[in-house]
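Please treat every number below as a calculation from the coordinates, not as lab data. Keep in mind it's a predicted model, so treat the numbers as computed, not measured. Here the Cβ positions follow ideal geometry from the backbone for every residue, glycine too, while neighbour counts run over all protein chains shown.
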Ligand SMILES: N[C@@H](CCC(=O)N[C@@H](CS)C(=O)NCC(=O)O)C(=O)O
């Protein structure tokens, strides 16, 4: 059984981490059984980020690397129906969301004062008060530093949201009136698109990006469709919290 280390549900989302959601949906698509181990602190993972997995003696981080490993272990062959152009498009869209839109989402949650307090309460609320305040400032400082190094954090709020709206508009245009990214059945790239878009438009936290995303009916419908398919059923997935042995 795969032990899947992930942020648990928050802000009305299965996970406030689009990378954790991406991997979880992909495992559901692949029919791979897993047990969720909820974590709030990503630093304990092998790369200091979530998600990561444990499988036998193997500990692996990074959603793409994990998916590649699972493909080999379980002989998963996804996206058989896609041609090479669709695969290349899917890859390009995924990286736009993971390496560009993600940073604007991070900005809207940790830097924008509108959401900062809710983030602090969710991630640090369980800590005693003085520690909570210090940890919260340290984490916010780290996110700001990461954003600055990546580049997004050098822009004004207005420019951050302008840049991210272009991503959302592009996804909406590419999706058009298709039920899924490449037709009537979802593919692995839908795991990425859904995880990132729902983390913006279905998140209880407000932001200019949420408002903009929700003004695109096809994005709203797409997220509802994916949610119903992957989280709407009576499927039972075992969940352990952090207090239990890893
Ligand atoms: N490339 C990684 C990215 C994972 C990632 O950035 N995870 C975030 C949560 S969405 C995280 O744990 N961040 C903690 C940090 O950067 O310190 C993947 O695909 O898994």
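The slack between residue 228 and residue 132, meaning 0.36 nm per residue of separation minus the straight C-alpha distance, is 30.9 nm. Net length available on complete extension from residue 184 to residue 79 is 36.5 nm, with 0.36 nm assigned per residue and the Cα-Cα distance removed. The modelled label-to-label distance between residue 206 and residue 3, using points 7 Å beyond Cα along the C-beta direction, is 4.2 nm. With a Förster radius of 25 Å, plug the Cβ-Cβ distance of residue 148 and residue 49 into 1/(1 + (r/R0)^6) and report the FRET value to the nearest 0.05. That pair, residue 148 with residue 49, gives E of 0.90. With R₀ fixed at 22 Å, the C-beta to C-beta distance from residue 40 to residue 140 puts the FRET efficiency at about 0.90. The smallest convex shape that holds all Cα atoms of the stretch 84-230, its convex hull, gives 115 Å³ per residue. With the simple spin-label model, which puts each label point 7 Å out from Cα in the Cβ direction, the residue 30 to residue 158 separation comes to 4.5 nm.
Using a 10 Å cut-off on Cβ atoms, rank the peptides 170-177, 17-24, 106-113 from the highest mean neighbour count down.
17-24, 106-113, 170-177
Computed from the Cα positions only, the extents of the chain along the three principal axes stand at 54, 44, 34 Å, in decreasing order. As an exercise, use a Förster radius of 25 Å and the Cβ-Cβ distance of residue 215 and residue 100 to find the FRET efficiency, rounded to the nearest 0.05. E between residue 215 and residue 100, to the nearest 0.05, is 0.80.
Over the chain, DSSP H runs of length four or greater, each weighted -39,500 (n - 2.57), average out per residue to a 222 nm ellipticity of -16500 deg cm²/dmol. Each DSSP beta bridge with both residues in the stretch 1-69 is either parallel or antiparallel, and the antiparallel ones are about 60%. One chain, two ends: residue 113 and residue 65. Fully extended at 0.36 nm per residue, the span grows by 13.9 nm beyond their Cα-Cα distance.
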